[in-house]
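Quick notes on the structure that follows.
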Amino acid sequence: MKKYLFIIKTQIIKSLTYEFNVYGNILMQTIIMITSAYFWRALYKEQSTVSGVDADSMLTYVIISSVLSVLLITNVERRIGRSVEKGTVATDLIKPVSLFGMFFAEDIGSIIALIFQNMVPILLIGSIMIKVPVMADIRDLPIFVVSVVESFLINWLIAALFGMTAFTAVNINALIQVKKHLIRLLSGSIIPIWFFPESVTKVLAALPFVYIYQLPLSIYIGRGTRAEHLWQMRIQFLWLLILTVLFLLVHKRVTRKVMVQGG
C-alpha cells in the first residue's frame, strides 16, 4: 500500500508543476460551462419547466456537470498506449507493483491535485457568473457522494478496458478523443438523456454511461424521488461489478499474451 501512496504523492507533485495546462483546462471548462448556461437560458425563455426540470435546476446541472468533468478525468488509456508504443509493457508487468494499480494511483493523484487546481476555480466561476449551485436536498448528499465515487470507478474501468485495445491497435490516441466526447454525449453530461426521444432514452438507460454523469447530477438537482435514485444506484453498482469482472478477464488475457509474445 505504501508503494501506491508514494505514487499518488509523486503524481500530485508532478501535476502541480504544470501551471499552463491548469489555466488552459480552466479556460476551456469555463467557456463550455458559460456557453451551456446561455443555451439553457434561451431554451427556457418561454417555458417554466421542461421534462419536469426548471431553468434554475438546469443551470445547477450545468455547473455541477463541469465540476464532475474534472473528477472524471482519466489518463490510464494514454499510459497503456505509451507503454505499448515504446515496447516497455513487458518490463512494466514484472515490476513489484501492479501495472494497473500504478495507473489507478496516478489517476487518483492527478484528481487530488485537480480538485484544488481546477474544480474549486470552476465552481467559484460558475457561482459568480451563473448562479450558486445549491443542492436540491442536502439530505441526499451521502448518496450523491457514493454515486460520484461509483461514477469515477465505472469511468475508470471503461477507460482501462478501452486502453487495453492498444495491445492490438498499438496507437489509440485519436480513438481516445472520440471515446471521451462520445461518453460525455451518451452519459448526459452535455445534454440530459431525458431530452432525447423515448426510444433512445430506453437504449441509453440500459448502458453504463448514464451512471457516470446522469445519475449523480439527477440526485444533486432533485430530479426524481429518493427511492428512484436508490434503485438506479443499485443498477449503477451492478454495472460496476460487471465492468470489474470484464476488466479482470481482459487483463488476464492480455497479460498472458504479452508475457508469452513480449512487449
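Quick one: count up the residues across region 216-263 that are within 17 Å of Ser98 (Cβ to Cβ), touching a helix residue (DSSP H, G or I) at 6+ places or on another chain (Cβ under 6 Å) and modelled with pLDDT of 90 or more.
Residues in region 216-263 being within 17 Å of Ser98 (Cβ to Cβ), touching a helix residue (DSSP H, G or I) at 6+ places or on another chain (Cβ under 6 Å) and modelled with pLDDT of 90 or more: 1 in total.
What number goes with the only condition from (1) modelled with pLDDT under 75; (2) of a type in the set (Phe, Trp, Tyr); (3) in contact with a helix residue (DSSP H, G or I) (Cβ under 7 Å, 6 or more places away or on another chain) that Tyr18 does not pass?
(3)
Can you pull out every residue in region 30-87 that is in contact with a helix residue (DSSP H, G or I) (Cβ under 7 Å, 6 or more places away or on another chain), under 17 Å from Phe103 (Cα atoms) and not hydrophobic (A, V, I, L, M, F, W, C)?
Answer for region 30-87, where residues must be in contact with a helix residue (DSSP H, G or I) (Cβ under 7 Å, 6 or more places away or on another chain), under 17 Å from Phe103 (Cα atoms) and not hydrophobic (A, V, I, L, M, F, W, C): Thr74, Asn75, Glu77, Arg78, Arg79, Gly81, Ser83.
Among the helices (runs of 4 or more DSSP H) lying completely within region 167-233, list those that include at least 3 residues that are of a type outside the set (Gly, Ala, Ser) and in contact (Cβ under 8 Å) with a residue 24 or more places away in the chain.
173-186, 214-221
I want to confirm something. Restricting to region 140-149 and keeping residues that are in contact (Cβ under 8 Å) with a residue 40 or more places away in the chain and over 10 Å from the mean Cα position of the chain (by Cα), which single residue is farthest from Arg184 (Cα to Cα)?
Asp140
Has region 70-90 got any residue that is assigned to a helix (DSSP H, G or I), at pLDDT below 90, in contact with a Phe, Trp or Tyr (Cβ under 9 Å, 6 or more places away or on another chain) and more than 26 Å from His181 (Cα to Cα)?
The answer is yes; a qualifying residue exists.
Which condition number in (1) surrounded by fewer than 15 Cβ atoms within 10 Å (Cβ to Cβ); (2) among the small types (Gly, Ala, Ser); (3) under 21 Å from Met33 (Cα atoms) is the one that Gly188 fails?
(1)
Can you tell me which of Phe104, Phe116 is buried (at least 17 other Cβ atoms within 10 Å of the Cβ) and among the hydrophobic types (A, V, I, L, M, F, W, C)?
Result of the check over Phe104, Phe116: Phe104.
Ser36 versus (1) at pLDDT 85 or above; (2) in contact with a Phe, Trp or Tyr (Cβ under 8 Å, 6 or more places away or on another chain): which is the lone unmet condition?
The number of the failed condition is (2).
The values are calculated or read from the model by the stated rules, or taken from the named source; none is laboratory data. Since this is a predicted model, take the numbers as computed values, not measurements. Note that each Cβ is placed from the backbone with ideal geometry, even for glycine, and that neighbours are counted across all protein chains shown.
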